[in-house]
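Worksheet: one structure, shown below.
The values are calculated or read from the model by the stated rules, or taken from the named source; none is laboratory data. Since the structure is predicted, the reported quantities are computational estimates derived from the model, not experimental observations. Here Cβ is always computed from backbone atoms with ideal geometry, including for glycine, and neighbour counts include all displayed protein chains. Note: accessible area is taken over every heavy atom of the protein model, side chains too, but ligands, DNA and RNA are not part of it. Shrake-Rupley method; radii C 1.70, N 1.55, O 1.52, S 1.80 Å.
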Amino acid sequence: MFNPVFKRSVILFIALVSFIVCTAQIKTIDQRVDSVLKLMTLEEKAGQMNQYNGPWAATGPLTNDNNLLSQIKDGKVGSMLNVTGVARTKELQQLAMQSRLKIPLLFGQDVIHGYRTIFPIPLGEAASWDIPAMEQSARIAATEAAAVGVHWTFAPMVDIARDPRWGRVMEGAGEDPYLGSLIATARVKGFQGKGFGNTDGLMACAKHFAAYGAAVGGRDYNSVDMSLRQLHEVYLPPFKAAAEAGAATFMNSFNDLNGIPATGNKYLQRDILKGEWKFKGFVVSDWGSVGEMINHGFSKDNYEAAMQAVNAGSDMDMESRSYIKHLAALVKEGKVKMNVIDDAVRRILKKKFEMGLFDDPYKYSNEEREKAQWNNAEHIKVARDISRKSIVLLKNEKQLLPLSKQTKKIALIGPFAKAKADNNGFWSYDWPDDTARISSLWEGVQRKLSAASEIVYAKGCNINDSSTAGFTEAVAVAKEADIVIISVGEARDMSGEAKSRSNIHLPGVQEKLIKAVMNAGKPVVVLISAGRPLIFNWTADNAPAILYTWWLGTEAGNAIADVLFGDYNPSGKLPMTFPRTEGQIPIYYNHYNTGRPAKNDSDLHYVSAFTDLPNSPKFPFGYGLSYTKFDYSNIRLSKAQFKPGEKIEAMVTVHNNGNYDGEEVVQLYIRDITGSVVRPVKELKGFQKITLKKGETKEVRFTISVNDLRFYNDKLQYIYEPGQFKLFIGGSSNDVKEVNFQLTK
Ligand code: GLC
């Protein structure tokens with residue numbers, strides 16, 4: 001038809017025209033930003049950098065400010081948080097439209113794992129290792145939140161965490177930078193959807209920048225001190241991934257890092273984020289963290305804190321009121337240059353333009369959309385699916401699970417058996433119809449059983465007190481049943497922000513209850529709902545079957561019942577190591593070998609191990625069972641050595657050797673045997689979640705290049721080095737086949 005030259009020139013012409021149009025488009029937004037900036041007074045600029053909490057709900061220590069609404073009218077507020085609903089967002093936006101320049105407000109909200117439909121906590125979702133499912137979950141959360149007038153979510157939280165005493169492990173993706181980076185990307189894309197300005201998308205916010213999860217002792221808000229090498233190797237990758245995924249904003253963190261609070265940390269915010277990573281969005285402080293630099297001993301007062309924070313790259317001040325009070329004076333007194341203010345305001349205004357708020361400030365406050373998304377049945381279905389995928393089967397002796405739906409009598413025991421709101425976890429919302437809307441375990445099990453079956457119930461004990469008064473009834477109920485399901489765990493306010501705990505054993509007398517009930521002599525399945533890895537050694541050693549069910553949200557009971565009765569074969573894998581005691585913490589899989597590595601759990605002398613307990617964790621990173629059995633064999637490489645410009649393929653055969661179809665997360669780890677700096681004994685570098693019918697065999701292939709071998713050397717260069725490597729593939733970090741290869745010069 002057309003000759004290729006003509007075709008190519010047409011394509012080139014179209015590309016050129018679209019480039020010009022796009023550039024013109026981008027320039028248009030930048031020009032519009034500059035046109036507003038030119039009109040603004042210094043006080044109005046400070047106003048855009050000022051964020052207040054709404055008058056209806058708070059997620060931090062409130063400063064009572066009774067002239068909040070008049071400040072909005074006076075153009076002294078750029079954003080509000082914790083304001084949702086068409087009516088309220090409209091009400092406050094109308095106030096902003098009375099200001100001199102009518103600059104619209106941005107409404108921010110902690111939409112962490114769902115808004116109206118609550119999904120599993122992020123750590124639970126991470127256990128699904130199902131990247132597309134996590135993106136979809138964020139997509140739905142954004143659709144529901146944007147329908148109630150929210151523009152911006154303070155999520156994803158991408159803090160790597162190796163310490164389960166830190167209550168905020170529940171909000172993240174666990175201990176691994178590779179898995180954490182993939183999840184950060186998925187969640188940013190899920191929240192932001194097709195891009196800013198679509199009324200089913202939110203601006204994302206990668207938080208808490210940075211290294212907040214490394215708080216000393218796992219104590220929230222505590223100091224962080226680490227080498228820049230570890231910072232770059234372990235804690236920054238998920239943030240970099242979020243920035244590369246186009247995250248609209250970052251939120252800095254409460255902690256000081258190597259002696260400088262993150263909020264006043266130029267190295268983090270200007271050198272790395274806005275410099276090296278060329279981040280074009282804006283940075284919001286965490287709640288009051290600008291003013292908290294006084295407590296840190298870094299600022300002598302709010303005036304100095306404002307100066308240090310804005311000069312370090314914090315563009316918006318959440319709730320400390322330091323910017324609105326002091327920025328104008330700081331500029332007039334030459335302590336802060338006007339171009340620093342202008343850069344921050346440009347970043348903020350640009351997002352408001354991109355979100356379409358200058359064209360229509362009420363764009364996201366739409367009654368029809370709010371109603372349409374309020375009870376979306378499709379969202380519930382998706383929530384149930386990812387909830388099932390998040391459940392981790394820790395133990396299943398003698399194939400006790402799955403249970404038969406014809407079981408004559410089931411005893412449902414424990415303080416979580418009929419739980420409702422506790423399934424939603426710490427960062428979620430309570431709705432008046434939650435009791436009807438959230439499926440409890442009791443309801444989920446009831447819906448599975450045949451009419452001939454019977455459920456008997458006893459609470460047995462409370463979640464977190466010392467009373468054993470309910471034990472007798474629980475044991476009696478167990479004795480009359482054929483199967484016992486015990487549902488225990490943490491209350492929703494036992495993990496999350498400011499919920500660090502020195503004792504992370506199953507709370508209260510719950511493990512005593514399990515022991516007492518097991519003495520009744522019936523088969524027992526234990527379900528553990530929590531926001532973090534807990535310690536439950538006796539149960540782990542003695543109960544025949546254990547499912548870790550995190551906090552699964554709206555569809556908790558139905559999802560757990562799907563797994564209990566085999567309508568879904570569990571496929572979850574732990575995204576975080578489970579310690580035997582608090583004394584083992586920090587314990588994580590990608591540790592260095594040391595000069596005296598422990599070879600096993602019994603060799604405990606003159607090696608890097610504790611002498612009073614096995615050296616291994618209770619359950620390792622990447623661990624999770626299935627109702628079927630996956631056999632790995634025939635691990636091999638396309639070649640035993642390769643050069644930097646080449647790639648090699650790693651293959652393994654996986655066979656479903658059991659009686660159920662199932663999914664398996666095939667994990668690939670690499671070890672650099674010798675480096676110019678010591679290297680971890682294993683590092684996750686790939687995984688594939690595959691489905692195998694019973695009896696089916698599949699060959700799983702991974703491609704390895706030098707980029708998989710890179711690390712930060714002692715000069716902070718991101719390099720690879722020739723040498724010997726081990727490659728591991730398996731269904732858990734501690735259950736792998738291995739093979740060697742060499743990278744040559
Ligand atoms: C809280 C949290 C942060 C949250 C913010 C707004 O203190 O640290 O994660 O987004 O305040 O609620």
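Per-structure values
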{"read-out": "Protection proxy ranking, peptides 517-524, 8-15, average beta carbon neighbours within 10 Å, highest first", "value": "517-524, 8-15"}
{"read-out": "Local electrostatic count at A241 - Lys and Arg +1, Asp and Glu -1, tallied over other residues with Cβ under 12 Å", "value": "+2"}
{"read-out": "Cα-based helix-to-principal-axis angle, 338-354 vs the chain, degrees rounded to 10", "value": "60"}
{"read-out": "Protection proxy ranking of 329-341, 489-501 - average other beta-carbon atoms within 10 Å, highest first", "value": "489-501, 329-341"}
{"read-out": "Helix axis angle, 177-192 relative to the chain longest principal axis, alpha carbon, degrees", "value": "60"}
{"read-out": "Ellipsoid semi-axes in whole angstrom, largest first, where each is sqrt(5λ) of the Cα gyration tensor of segment 52-159", "value": "31, 14, 11"}
{"read-out": "Rg and Dmax [Cα atoms of segment 313-459; Å; Rg one decimal, Dmax integer]", "value": "26.3, 81"}
{"read-out": "Cα→Cβ-extended label distance, 7 Å offset, between N519 and K102, nm", "value": "7.5"}
{"read-out": "Sites D271 and L604, calculated FRET efficiency, Cβ-Cβ separation with R0 51 Å, nearest 0.05", "value": "0.70"}
{"read-out": "Protein accessible area in segment 631-745, 1.4 Å probe - carbon and sulfur %", "value": "45"}
{"read-out": "Sites matching chymotrypsin sites (Phe, Trp or Tyr not before Pro) across segment 101-131 that sit in DSSP coil, with at most 16 neighbouring C-beta atoms within 10 Å", "value": "none"}
{"read-out": "Förster-model FRET efficiency, 22 Å R0, T653 and T744, C-beta, rounded to 0.05", "value": "0.20"}
{"read-out": "A436 paired with A87, simple spin-label distance in nm, labels 7 Å along Cα-to-beta-carbon", "value": "1.9"}
{"read-out": "Sequence-separation-based contact order of segment 630-743, relative, with Cα cut under 8 Å and 6+ spacing, percent", "value": "32"}
{"read-out": "Virtual spin-label span in nm between T691 and D541, 7 Å along Cα→Cβ", "value": "4.1"}
{"read-out": "Solvent accessible area, Å² - E738, 1.4 Å probe, full protein context", "value": "100"}
{"read-out": "Relative packing of 562-569, 45-52, which averages over residues the other C-beta atoms within 10 Å, highest first", "value": "45-52, 562-569"}
{"read-out": "Segment 1-138: relative contact order as a whole-number percent, Cα under 8 Å and 6+ apart", "value": "17"}
{"read-out": "Links that overshoot a 29 Å alpha carbon limit, given the list K189/K332; K409/K512; K38/K274; K448/K694", "value": "K189/K332"}
{"read-out": "q = 0.15 Å⁻¹, segment 380-584: log10 I(q)/I(0) [Debye, one scatterer per Cα]", "value": "-0.89"}
{"read-out": "Accessible surface of segment 202-304 [probe 1.4 Å, protein heavy atoms]: carbon and sulfur percent", "value": "51"}
{"read-out": "Relative contact order (percent, whole number), the chain, Cα cutoff 8 Å, 6+ residue spacing", "value": "12"}
{"read-out": "Kirkwood hydrodynamic radius of segment 511-567, Cα pairs, Å", "value": "12.4"}
{"read-out": "Alpha carbon Rg of segment 563-670, scaled by the compact-globule rule 2.2 N^0.38 Å", "value": "1.39"}
{"read-out": "Net charge contributed by nearby residues that have their C-beta within less than 10 Å of W431 (K/R +1, D/E -1)", "value": "-1"}
{"read-out": "Calculated FRET efficiency for the pair K409/A640, C-beta based, R₀ 56 Å, to 0.05", "value": "0.40"}
{"read-out": "Dipole of segment 247-351, positive end: most advanced residue of L257, I324, M293 [Cβ charges, Cα centre]", "value": "I324"}
{"read-out": "At q = 0.06, 0.11 Å⁻¹, base-10 log of I(q)/I(0) for the chain (Debye sum, equal scatterers on each alpha carbon)", "value": "-0.39, -1.22"}
{"read-out": "Whole-Å semi-axes of the ellipsoid equivalent to segment 635-745 (Cα gyration tensor, √5λ, descending)", "value": "30, 14, 11"}
{"read-out": "Probe 1.4 Å, all protein chains present, accessible-area order of I380, I485, largest first", "value": "I380, I485"}
{"read-out": "Heavy-atom accessible area per residue - segment 130-285, 1.4 Å, Å²", "value": "24"}
